[in-house]
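Taking it in order: structure first as structure tokens, then the write-up.
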Amino acid sequence: MSEEEQPEKMSEAQKLMYAVFGIFVVGFALVWMSKDDASKGKGDNAAAAMMRNYVNIQQMATDKCTKIVTEKTGEQVYFPTETKTDKETYVTLIWAGENAQKGGFKTASCTLTGQLGGISELVIDGKEIIKKK
């Protein structure tokens with residue numbers, strides 16, 4: 001009585017192991033391909049760097065100019081009425097005074113230049129308070 005040899009069937013545990021192994025292989029392939037795509041899009045990095053620079057200059061201007069205008073005029077300023085910028089090197093914030101009839105300022109203009117890392121010009125009611133080049 002010889003038993004005929006029949007091929008062994010895969011157990012459920014073996015099937016599960018092969019499925020997990022396949023998921024790992026597909027995951028590694030996806031990560032490898034996405035890193036390759038990221039290195040090709042280097043032009044996006046330059047645009048992102050320019051945007052970060054603009055945001056940093058804008059934030060610095062808002063912080064420093066608000067403090068110095070408040071200090072020089074004695075009035076608290078909040079939001080500028082106008083903003084001028086080339087989006088690369090400078091930001092100019094302009095405020096209109098709220099208490100001009102009561103002895104307050106009429107207009108204040110503060111320019112922050114990125115190369116200086118600080119305020120390059122401050123003009124209050126037509127008088128230059130700070131002028132740096």
Could you check, for the range 59-76, whether at least one of its residues is open to solvent by less than 100 Å² (accessible area, probe 1.4 Å), farther than 24 Å from I119 by Cβ and either basic (K, R) or at pLDDT below 85 (or both)? no
Exactly one of S120, S109 is small (G, A, S) and within 17 Å of Q59 (Cβ to Cβ), and that one is S120
Considering the range 84-129, residues that are free of Cβ contacts under 8 Å to residues at least 12 places away in the same chain and closer than 30 Å to A49 by Cβ, and then whichever is surrounded by the fewest Cβ atoms within 10 Å (Cβ to Cβ), we arrive at D86
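The values are calculated or read from the model by the stated rules, or taken from the named source; none is laboratory data. Remember, it's a predicted structure, so these values are computed and weren't measured experimentally. No Cβ is skipped: glycine too gets one built from the backbone with ideal geometry, and neighbour counts run over all protein chains shown. The accessibility values were calculated without ligands, DNA or RNA, using every heavy atom of the protein model including side chains. Shrake-Rupley method; radii C 1.70, N 1.55, O 1.52, S 1.80 Å.
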